[in-house]
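The values are calculated or read from the model by the stated rules, or taken from the named source; none is laboratory data. Note that the coordinates shown come from a computational prediction; the quantities given were computed from them, not determined experimentally. Virtual Cβ from ideal backbone geometry, glycine too; neighbours counted across all protein chains shown.
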Amino acid sequence: MKVGIHQHVFTESLNTKNLDYLNIIRDIGFDSIDINVRNLDTATAKIIKRRADKLDLIIKGGGSLPYDKELLSENKDKRIEAIAYMKCLVETVIELGSDFYGGVIYGPLGRFTGLGPTDMELEFSAEALREVARFAKKYGIRLGIEPVNRYESYILNTIKASLHHLKKVNEENVGLLIDTFHMNIEEEDFYQSILQAKDKIFHIHVNESDRGTPGKGHINWNKVFRAIRDIEYKGVLAIESFVGSKVDIASVICIWRKLAESPDALARDGYKFIKKMSEKYIV
Ligand SMILES: [Mn+2]
């Protein structure tokens with residue numbers, strides 16, 4: 001099983017000055033890195049790709065829609081603007097040489113109306129995803145919609161609702177990015193919910209109940225790994241946490257404290273734990 005880690009464990013933004021994080025990650029043993037493509041220009045993306053290639057490190061693109069990209073607005077111009085923005089992010093994913101782009105890409109993260117999703121909003125979301133998926137497909141890129149907990153979005157909170165949305169989108173290269181932190185809040189059972197999604201799962205964020213070090217909280221990892229084994233998941237298990245990220249992320253997902261001693265400690269301890277669990281269940 002390939003184990004990855006999110007850049008946000010180390011830093012809010014990757015740039016030409018901190019590329020050594022890639023070496024640190026590789027040295028620990030990780031096979032893959034999740035990179036946030038928001039605020040990443042294509043020139044920097046190219047440089048990151050070169051370093052990752054040298055290290056034989058896989059890249060998975062990520063990045064949720066910001067608050068001001070009103071993909072679900074009744075105003076058509078705003079929707080067009082949001083779709084154009086998403087295509088720009090996909091262009092950065094192309095430069096990174098990644099085959100994947102996922103996150104809260106079905107509506108703006110952290111934006112609420114006080115109601116659940118309307119049929120019209122879901123239709124706008126599906127329409128936009130269809131358009132971006134067709135664009136991404138030309139470059140061999142798959143999209144992953146990530147259901148997140150109710151405090152971060154009202155559009156898709158569960159795997160079940162997301163599978164329903166996938167049917168509406170109806171594009172083969174759109175699937176799920178599932179995340180154990182969100183699942184711990186919204187799903188009834190880790191095993192059953194992973195099983196129902198099966199081969200629609202394109203990417204997985206292994207994320208502890210407190211968003212700290214995997215293995216130190218109360219996620220039912222035995223159920224998670226049993227399910228991953230039973231669906232014969234072949235993708236990456238990427239540790240996601242936010243030790244190295246500050247203001248920009250905190251304002252949306254409300255992380256106000258240090259989740260581990262250091263990014264390095266979280267990465268090492270998390271890697272050991274995920275490796276141990278996958279050896280127990282999969283290898
Ligand atoms: Mn996640």
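Per-residue answers, yes or no, for (1) modelled with pLDDT under 95; (2) in contact with a Phe, Trp or Tyr (Cβ under 6 Å, 6 or more places away or on another chain); (3) within 16 Å of the ligand (Cβ to nearest atom); (4) of a type outside the set (Gly, Ala, Ser):
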site	(1), (2), (3), (4)
ALA133	no, no, no, no
HIS164	no, no, no, yes
GLY175	no, yes, yes, no
HIS182	no, no, yes, yes
LYS200	no, no, no, yes
PHE225	no, yes, no, yes
ARG229	no, yes, no, yes
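Can ALA265 be described as within 22 Å of TYR21 (Cα to Cα), within 15 Å of the ligand (Cβ to nearest atom) and at pLDDT 95 or above? Criteria not met by ALA265.
Within the bounds of the stretch 205-216, is there any residue that is more than 16 Å from the ligand (Cβ to nearest atom), outside any loop (DSSP other than H, G, I, E, B) and either farther than 23 Å from LYS280 by Cα or at pLDDT 95 or above (or both)?
Here is the first cut: in the stretch 205-216, the ones more than 16 Å from the ligand (Cβ to nearest atom) are 215-216.
Now restrict to residues that are outside any loop (DSSP other than H, G, I, E, B): none.
Scanning the stretch 205-216 turns up no residue that is more than 16 Å from the ligand (Cβ to nearest atom), outside any loop (DSSP other than H, G, I, E, B) and either farther than 23 Å from LYS280 by Cα or at pLDDT 95 or above (or both).
Of the residues VAL236, VAL252, VAL169, VAL243, which is within 17 Å of the chain's Cα centre (by Cα), away from the ligand (no atom under 13 Å from the Cβ) and β-branched (Val, Ile, Thr)? Every option except VAL243 fails the conditions. Among the helices (runs of 4 or more DSSP H) confined to the stretch 1-96, the ones with at least 1 residues that are of a type in the set (Gly, Ala, Ser) and free of Cβ contacts under 8 Å to residues at least 60 places away in the same chain are located at 42-55, 76-96. Entry remark, the stretch 208-222: residues being in contact with a Leu (Cβ under 6 Å, 6 or more places away or on another chain) and without any contact (Cβ under 8 Å) to a residue 40 or more places away in the chain number 0 in total.
Sort through LEU22, LEU55, LEU72 and tell me the only one that's in contact with a Ser or Thr (Cβ under 9 Å, 6 or more places away or on another chain) and of a type outside the set (Val, Ile, Thr).
On the way: LEU22 fails: in contact with a Ser or Thr (Cβ under 9 Å, 6 or more places away or on another chain); LEU55 fails: in contact with a Ser or Thr (Cβ under 9 Å, 6 or more places away or on another chain).
Being in contact with a Ser or Thr (Cβ under 9 Å, 6 or more places away or on another chain) and of a type outside the set (Val, Ile, Thr) holds for just one of LEU22, LEU55, LEU72, which is LEU72.
Among the numbered conditions (1) buried (at least 18 other Cβ atoms within 10 Å of the Cβ); (2) touching an Asp or Glu at 6+ places or on another chain (Cβ under 9 Å); (3) of a type outside the set (Gly, Ala, Ser), the only one that LEU163 does not meet is (2).
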